[in-house]
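Asker: The structure's right below; bear with me while I get my questions together.
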Amino acid sequence: MQLVMQKEGLLKKDTDFVLISGTSNPSLHEEIARLSGKPLFPTEIVRFPDGEIRVSFKEVIEAKKAVILQSLGRQPNEYLVETFLIGDALRRAGVTHIGLIAPYLAYSRQSLQEGNGTSLASRLFAYFLHEAGIQEMRTLDLHAEHIPSFYDFPVHHFSALEVLVEAFLKQYASDNLVVVGPDLGSAKLVGRYAEKLNRDFALVEKRRIDARNVLNLSIVGEVEGKDVLLADDMCSTAGTLASAAQLCREKGAKRIFAAVTHGLFVERALELIEKSPIEHLFVTNSVPLDDSVTQCAKISCVSCAPLLV
Ligand code: R5P
């Protein structure tokens, strides 16, 4: 197996590879290209009036190694199909190795079989990516640690907590901080935040009522009289963060901050964050962020590009 993306570090500076940008996150892809010192390879991705997609390359790519840049958020189905087609076009063009940098991997929340007759999307898309010719992947803060085991090729799984913690510490100081996971599933990630910050952690016991609403039952751990840093892999509707922040406030927390790797910010997410007791939220650009997010005074955006090159 040829590895273009090294396990510990960078896209090998001495390796002759080309970067292919999908259409999901142009500014992040350009930043990755700049940091890795490689231009984006001329690629045409056409959308037909009926929604079909066609991929072709404008120059000869045969015998090279290729790395696809594609964040699979916001319109996951669209960008997944685009990625399959880029992989297929690369293989048919005769490249020798195909890597994928997917800062956000869609469908990560569907990685457990919940009863008979339920789709297991995370596993199925691992298979499709393999079938589309992908041989290696780099990604950030997967929703569940077991997801790489679905893949029949190396998955290099990194965390954005370093850059988020650094941004948080630059702006805020607290000698009384506790890291809080907004649900029990965040325990591993929150444990890493707590270790990095050398603080204790607590966990909210969350019950999801439906895709948009959650119910917080209690907090395992102590937040009374403390400043809180809520840490999670993603914020989608912001129901989880907002209700966890509210519970922390009711339990006597003082200042409340949040750090999330993937900011999907769908539906009324910004409104919920604005109204919540969260004083400031730190998020990466693993998913493209709208102006409404980047201009929100409560939100700081931190680039994850250095973690991906
Ligand atoms: C769920 O377990 C995830 O870690 C997030 O907490 C969740 O997906 C966030 O979704 P929302 O913002 O819609 O509550």
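Asker: From GLN113, GLN75, grab the single residue that is open to solvent by 70 Å² or more (accessible area, probe 1.4 Å), in contact (Cβ under 8 Å) with a residue 12 or more places away in the chain and not basic (Lys, Arg). Step through it out loud before you land on a result.
Answerer: Numbers: GLN113 fails: in contact (Cβ under 8 Å) with a residue 12 or more places away in the chain.
When all the criteria are applied, what remains is GLN75.
Asker: Further question on the same structure: Inspect region 245-252 for any residue being within 19 Å of ALA269 (Cβ to Cβ), within 12 Å of the ligand (Cβ to nearest atom) and in the same structural domain as PHE168 (by TED's automatic domain parsing) and give the result as yes or no.
Answerer: Yes, region 245-252 contains at least one residue that is within 19 Å of ALA269 (Cβ to Cβ), within 12 Å of the ligand (Cβ to nearest atom) and in the same structural domain as PHE168 (by TED's automatic domain parsing).
Asker: While we're on this one: Just to be sure I understand the filter: pairs with C-beta atoms under 7 Å, separated by 6 or more residues or on different chains, first member in region 54-71 and outside the structural domain of ILE86 (by TED's automatic domain parsing) and within 13 Å of ALA93 (Cβ to Cβ), second member part of a loop (DSSP other than H, G, I, E, B) and open to solvent by 10 Å² or more (accessible area, probe 1.4 Å). Which pairs pass?
Answerer: none
Asker: As an exercise: evaluate THR237 against (1) more than 16 Å from LEU161 (Cα to Cα); (2) in contact with a strand residue (DSSP E or B) (Cβ under 6 Å, 6 or more places away or on another chain); (3) hydroxyl-bearing (Ser, Thr, Tyr); (4) within 10 Å of the ligand (Cβ to nearest atom) and give the number of the one condition it does not meet.
Answerer: Here THR237 clears every test but (2).
Asker: Quick one: would you say SER71 is hydroxyl-bearing (Ser, Thr, Tyr), over 16 Å from the mean Cα position of the chain (by Cα) and at pLDDT 95 or above? Reasoning before the result, please.
Answerer: Details: hydroxyl-bearing (Ser, Thr, Tyr): yes; over 16 Å from the mean Cα position of the chain (by Cα): no; at pLDDT 95 or above: yes.
For SER71, the condition - hydroxyl-bearing (Ser, Thr, Tyr), over 16 Å from the mean Cα position of the chain (by Cα) and at pLDDT 95 or above - is not met.
Yes/no per residue for (1) touching a Pro at 6+ places or on another chain (Cβ under 6 Å); (2) open to solvent by 40 Å² or more (accessible area, probe 1.4 Å); (3) under 18 Å from PHE158 (Cβ atoms); (4) basic (Lys, Arg):
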{"residue": "LYS65", "(1), (2), (3), (4)": "no, yes, no, yes"}
{"residue": "LEU69", "(1), (2), (3), (4)": "no, no, yes, no"}
{"residue": "ALA121", "(1), (2), (3), (4)": "no, no, no, no"}
{"residue": "MET137", "(1), (2), (3), (4)": "no, no, yes, no"}
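Asker: Out of (1) away from the ligand (no atom under 12 Å from the Cβ); (2) at pLDDT 95 or above; (3) farther than 19 Å from ARG255 by Cα, the odd one out for GLU205 is which?
Answerer: (2)
The values are calculated or read from the model by the stated rules, or taken from the named source; none is laboratory data. Remember, predicted model here, so these are calculated numbers, not experimental data. FYI the Cβ positions are ideal-geometry reconstructions off the backbone, even for glycines, and counts take in every protein chain you see. These accessible areas exclude ligands, DNA and RNA; they are computed on the full protein's heavy atoms, side chains included. Shrake-Rupley method; radii C 1.70, N 1.55, O 1.52, S 1.80 Å.
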